[in-house]
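The values are calculated or read from the model by the stated rules, or taken from the named source; none is laboratory data. For clarity, every value in this text was computed on a predicted model and none was experimentally measured. Virtual Cβ from ideal backbone geometry, glycine too; neighbours counted across all protein chains shown.
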Amino acid sequence: MTRRRIIIGAIIGAAVLGVGALVGIADHYAILKDDDDDDDDGRDAVARGSRFAKVSLQQGLIASEKEGQPISGKFEVDRGKFQLSVYTSKEGKFSEVLVDYSTGQIAKVEPITKGEDLAAAQSQSAAMAKAKISLREAVEKALAEAAGFRALGAVPNVKDGRAVASVLLLKGEDFKIVNQAME
């Protein structure tokens, strides 16, 4: 191979690596923008944010009970902001309760009236109607069998006619999903 081809190859290789690095940096900052996709990168952003949370998911579920029955809950990054979001149901109406992850106090309550959020809340409420234990109790059962993990989210659903909570857990950098029966 001539010296000229080696130099051209090195320049092209450096350019490809440079573009790759820029794409990687752009992706890194994009995941901090929004966690609506619930992808693995969104999980990483939530894991980073959860290090600052003084309140557990279970404490957030308890705090939200003032606004109705908790039907799902999760730590999330929404529009670049880390938060603890709990969906509640009360008298056929649904709300998103934002719990301050530092104090455990309710920071904001918004009605859920349309779109994907309403469909999700209706589905979660239907699953909770079949449950014999609360969502908090399901999270605590999942944690009892996963020593050292922290709960990041819990969503009920119906499998084979029975209520099951899918609980997302984190320990260090390891994620685990536990499907906890709600009986």
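Mind checking whether some residue in the range 163-181 is over 26 Å from ASP44 (Cα atoms), in contact with a helix residue (DSSP H, G or I) (Cβ under 9 Å, 6 or more places away or on another chain) and at pLDDT 95 or above? The answer is yes, given that some residue of the range 163-181 is over 26 Å from ASP44 (Cα atoms), in contact with a helix residue (DSSP H, G or I) (Cβ under 9 Å, 6 or more places away or on another chain) and at pLDDT 95 or above. Looking at the structure I just gave you, is ALA30 at pLDDT below 50, in a helix (DSSP H, G or I), more than 14 Å from the chain's Cα centre (by Cα) and closer than 27 Å to ASP174 by Cβ? So ALA30 fits the description; yes. When the range 102-149 is filtered for residues that are basic (Lys, Arg) and over 16 Å from GLY68 (Cβ atoms), the ones remaining, listed by number, are LYS114, LYS130, LYS132, LYS141.
Specify which of the listed residues (ALA126, ALA121, ALA107) is in the same structural domain as GLN59 (by TED's automatic domain parsing), touching a Phe, Trp or Tyr at 6+ places or on another chain (Cβ under 6 Å) and on the phi < 0 side of the Ramachandran plot.
Working: ALA126 fails: touching a Phe, Trp or Tyr at 6+ places or on another chain (Cβ under 6 Å); ALA107 fails: touching a Phe, Trp or Tyr at 6+ places or on another chain (Cβ under 6 Å).
Unique residue meeting the criteria: ALA121.
Here ALA107, ALA127, ALA138, ALA146 are screened, and the one residue that is in contact with a strand residue (DSSP E or B) (Cβ under 7 Å, 6 or more places away or on another chain) and assigned to a strand (DSSP E or B) is ALA107.
Residues are listed down the side, and each one gets a yes or a no for (1) over 15 Å from LEU61 (Cβ atoms); (2) touching a Lys or Arg at 6+ places or on another chain (Cβ under 6 Å); (3) aliphatic (A, V, I, L, M):
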| residue | (1), (2), (3) |
| --- | --- |
| PRO111 | yes, no, no |
| GLU116 | yes, no, no |
| ALA119 | yes, no, yes |
| LYS130 | yes, no, no |
| ALA142 | no, no, yes |
| PHE149 | yes, yes, no |
| GLY153 | no, yes, no |
| ASP160 | yes, no, no |
| ALA163 | yes, yes, yes |
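Tell me yes or no: at least one residue of the range 141-159 is farther than 21 Å from LEU98 by Cα, β-branched (Val, Ile, Thr) and in contact with a helix residue (DSSP H, G or I) (Cβ under 8 Å, 6 or more places away or on another chain). Yes, the conditions are met somewhere in the range 141-159. Among residues of the range 147-182 being on the phi < 0 side of the Ramachandran plot and more than 18 Å from the chain's Cα centre (by Cα), the one that is surrounded by the fewest Cβ atoms within 10 Å (Cβ to Cβ) is ALA147.
Taking the condition of a type in the set (A, V, I, L, M, F, W, C) and either in contact with an Asp or Glu (Cβ under 6 Å, 6 or more places away or on another chain) or without any contact (Cβ under 8 Å) to a residue 40 or more places away in the chain (or both), does ILE112 pass?
Numbers: of a type in the set (A, V, I, L, M, F, W, C): yes; either in contact with an Asp or Glu (Cβ under 6 Å, 6 or more places away or on another chain) or without any contact (Cβ under 8 Å) to a residue 40 or more places away in the chain (or both): yes.
So ILE112 passes the test.
Candidates are the residues of the range 74-112 that are surrounded by 13 or more Cβ atoms within 10 Å (Cβ to Cβ) and among the β-branched types (Val, Ile, Thr); the one that is nearest to the chain's Cα centre (by Cα) is VAL77. Candidates in the range 46-73 are the residues that are within 12 Å of the chain's Cα centre (by Cα) and part of a strand (DSSP E or B); of these, the one that is nearest to LEU170 (Cα to Cα) is GLY73.
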